[in-house]
1. Where residues in segment A:67-114 are assigned to a strand (DSSP E or B) and among the aromatic types (F, W, Y), which of them is most open to solvent (accessible area, probe 1.4 Å)?
2. Looking at (1) in a loop (DSSP other than H, G, I, E, B); (2) under 16 Å from the mean Cα position of the chain (by Cα), which one does B:P203 not meet, given that it meets all the others?
3. Taking segment A:135-166 as the search range and keeping residues that are polar (S, T, N, Q) and out of contact with any Pro (no Cβ under 8 Å at 6 or more places or on another chain), which one is least open to solvent (accessible area, probe 1.4 Å)?
4. In segment A:262-380, which strands (runs of 3 or more DSSP E) lie fully inside it and hold 3 or more residues that are assigned by TED's automatic domain parsing to the domain that holds A:G252 and buried (at least 22 other Cβ atoms within 10 Å of the Cβ)?
5. Is there a residue in segment A:296-308 that is of a type outside the set (A, V, I, L, M), modelled with pLDDT under 95 and under 22 Å from the mean Cα position of the chain (by Cα)?
6. How about segment A:360-380: which of its residues are acidic (D, E), within 28 Å of A:W53 (Cα to Cα) and within 9 Å of chain B (Cβ to nearest Cβ)?
7. Tell me, please, whether a residue that is touching a Phe, Trp or Tyr at 6+ places or on another chain (Cβ under 6 Å), within 12 Å of another protein chain (Cβ to nearest Cβ), open to solvent by 10 Å² or more (accessible area, probe 1.4 Å) and on the phi < 0 side of the Ramachandran plot can be found in segment A:174-195.
8. Would it be correct to say that B:S144 is under 21 Å from the mean Cα position of the chain (by Cα) and polar (S, T, N, Q)?
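The values are calculated or read from the model by the stated rules, or taken from the named source; none is laboratory data. None of the values given here were measured: they were computed from a predicted structure. Glycine also receives a Cβ, built like all others from the backbone with ideal geometry; neighbour counts cover every protein chain displayed. Side chains included, ligands, DNA and RNA excluded: accessible areas come from the protein's heavy atoms. Shrake-Rupley method; radii C 1.70, N 1.55, O 1.52, S 1.80 Å.
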Amino acid sequence: MTQRLAIHTLVESRPDAAAIDAWMAGRRFPVVEGSRVTFVYRGEVDAVALRHWIYALETRRALERVAGTDLYYLVMDVPPRSRVEYKFEIERGGAQEWILDPLNPNRARDPFGSNSVLQAEGYEVPDWTRHDPRARPGTLEPMTVRSAAFGGERAVQLYLPARLRRSRRYPLLVVHDGRDYLEYAGMKVVLDNLIHRLELPDLIVAFTSSPEREREYADDPAHGRFLTEELVPQLGARYPLVDQPQARALMGASFGAVASFSTAWHHPGFWGRLLLQSGSFAFTDIGRANRFGPMFDRVVALVNAFREAPSAVSERVFVCCGVYEKLIYENRSLVPLLDETGMQVRFVESRDGHNWEHWRDRLREGLSWLFPGPLMMVYE
Amino acid sequence: MNRPEPPHAIVLCGAQRFDPTLGRAVRALGLDGPVALVTAGFQEREAEDQDIRAELGGTVENLRLHARADEAFAADAELRAAHRERQGALRHKQDFYRIRLEHALEAQHVVSQRRAPAAILAEEHEASLAEIRQLDAYHLGQCSRIHRAFETAVQPFERPAIARHRDELARILAASSLLVLAGGHVATLLNRLRLFGVAELCPGKPVAGFSGGAMVLCERVVLFHDSPPQGPGAAEVLDHGLGLCPGYVALPQPEMRLRLDDAERVSVMARRFAPARVLALPSGAAVTLEQGRATRVEGALLLTGDGTSVPFGPKGGA
């Protein structure tokens with residue numbers, strides 16, 4: 001039996017403007033009723049469509065107009081715990097425009113702007129992503145790294161824990177697309193909170209960024225040399241780092257995950273921890289043509305080489321991917337190969353897409369898997 | 001090192017922050033004289049002991065083991081390097097033990113989900129537990145070997161950087177009626193107690209420990225958390241404890257760390273460490289043991305092999 005939704009009751013009542021006003025008052029949008037979600041737009045336009053990035057569904061779904069009104073709606077099935085980013089496509093006077101959902105206050109930012117966010121039943125923004133006044137804040141400091149691999153200098157942002165002591169040694173985490181992780185995934189607050197909760201140890205984090213990520217992150221050997229032979233020694237000369245593979249981690253999302261894997265692949269035994277989020281691990285089973293296009297050609301060569309002869313490039317690997325991403329197939333395919341090499345592998349899927357808040361939401365389980373904090377050690 | 005003479009009385013308490021029991025339990029011992037306090041588990045915050053002093057009342061002297069260790073390492077570079085090397089070896093051993101242990105616990109879980117004739121299942125359960133116990137025993141053996149090698153090579157008590165502090169500690173402890181161990185970072189606490197041989201300096205003296213302090217008094221220090229963020233928690237043995245409270249394993253903060261409604265986990269925990277009794281010490285708990293018998297009990301729970309947790313009784317049983 002079809003679930004009777006709030007929008008159905010409204011439509012059947014043949015509402016006038018005042019009835020619609022009353023129906024909307026105090027209601028949260030989109031309307032979430034179990035696994036049924038009603039997207040709503042109100043305004044004098046010619047047409048409205050939902051634009052989303054759920055790979056398995058059509059990316060454009062038209063909203064239906066309630067006859068004689070300026071109200072549009074679309075009902076979709078969205079599984080519990082989903083988080084979906086979207087926009088509305090508005091058509092007016094022959095012109096089209098993508099806009100945020102004016103009725104939904106939940107927004108997510110990314111390098112291209114921002115999106116509205118549907119939080120399905122059961123999804124909650126994790127509390128450890130929000131500023132906690134009890135957590136002593138670490139500091140962010142700029143550092144310049146000299147690079148023969150790239151020629152010239154590279155700017156890095158360093159996260160130093162609040163209680164940095166020279167007499168101790170710290171693990172190192174190197175983050176690809178560091179500026180974006182700080183800006184769009186709130187990673188400094190996440191680090192402060194997880195360290196405060198003893199779920200992560202005090203650690204030093206190098207947020208790196210690339211001026212040409214599509215080239216440098218796609219298995220460019222210079223990139224691996226820069227991180228392994230230049231960044232780490234120069235960091236080690238300034239800060240007390242643990243000089244062991246299990247205390248060195250690489251992480252990144254999308255092409256950043258490829259860059260992490262590629263760096264470990266070219267320097268086996270050096271990077272003992274990898275966190276790979278929604279990695280662009282394109283491959284082919286025959287031939288070279290891949291479904292992602294020429295930008296992925298070098299990635300395909302790398303992943304095909306690994307698939308041909310899997311080897312333990314690291315010790316412990318956390319892999320995550322959203323089930324609404326096009327890349328879910330590639331990531332699911334990679335995991336058993338990683339596993340068979342003897343590396344310890346943890347794979348987590350979530351009902352989310354290829355976006356920064358999804359990657360933020362997986363940081364707690366991913367980072368604490370790589371570097372368990374002293375939670376098991378502290379009994380106050 | 002030989003096992004020190006057991007204390008005349010032992011008090012094991014839960015966390016003290018919200019429902020303190022330490023002062024009441026200690027006063028019930030009827031002791032007279034100053035208290036020696038160890039807060040090395042607080043690490044750099046070792047001096048922040050005001051709440052404990054207030055709870056204990058009377059004269060309290062903090063042994064400052066964390067600060068003393070820093071002074072000793074600053075004065076003796078060879079000791080510091082050897083100590084760091086030993087800690088690195090222990091961490092490696094803990095990592096490898098954990099890899100095997102997680103697989104053994106997973107195997108035990110799989111076995112427990114199977115359907116088979118009861119007699120066969122009982123045998124297989126026992127075989128799984130025996131494997132886990134064997135891993136625990138192997139790990140403890142490795143820890144002992146590493147400690148022995150360190151002590152033989154470094155002779156820490158003979159080194160002036162340590163001996164000077166031991167002399168002072170011996171004087172303080174001789175004048176104290178009770179040794180109290182606060183919780184905190186349990187590995188640091190154990191490490192500093194062992195570095196200065198504190199247990200050997202006060203044979204027979206009554207001792208009280210709360211939270212992590214209670215853990216290190218036992219023969220084995222068991223690290224545990226059923227729901228850590230990185231996935232299903234595997235309780236693991238850290239090292240030998242001081243061995244002053246034989247026959248017990250202390251698990252403080254069970255309200256935050258243990259799923260006491262998970263019969264399988266509770267049963268495995270109880271049977272794995274048997275014949276030692278596994279005591280959960282929630283906030284508000286205090287257990288006094290005299291000559292190995294529980295003489296005064298508040299709020300402690302005994303984990304049982306049938307997967308339940310029951311109030312621990314004053315006669316030393318459930």
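1. A:W98
2. The one condition B:P203 does not meet is (2).
3. Initially, segment A:135-166 is screened for residues polar (S, T, N, Q), giving A:139, A:144, A:147, A:157.
From the residues that got through so far, the ones that are out of contact with any Pro (no Cβ under 8 Å at 6 or more places or on another chain) too are A:139, A:144, A:147.
Working: A:T139: 65, A:T144: 75, A:S147: 7 Å².
Once the filter is applied, the top-ranked residue is A:S147.
4. A:273-277, A:316-322
5. Scanning segment A:296-308, I find at least one residue that is of a type outside the set (A, V, I, L, M), modelled with pLDDT under 95 and under 22 Å from the mean Cα position of the chain (by Cα), so the answer is yes.
6. Filtering segment A:360-380 for residues acidic (D, E) gives A:361, A:365, A:380.
If we keep only those that are within 28 Å of A:W53 (Cα to Cα) too, we end up with A:361, A:365.
If the condition is that a residue be acidic (D, E), within 28 Å of A:W53 (Cα to Cα) and within 9 Å of chain B (Cβ to nearest Cβ), then A:E365 is the only one that fits.
7. no
8. Against the criterion (under 21 Å from the mean Cα position of the chain (by Cα) and polar (S, T, N, Q)), B:S144 qualifies.
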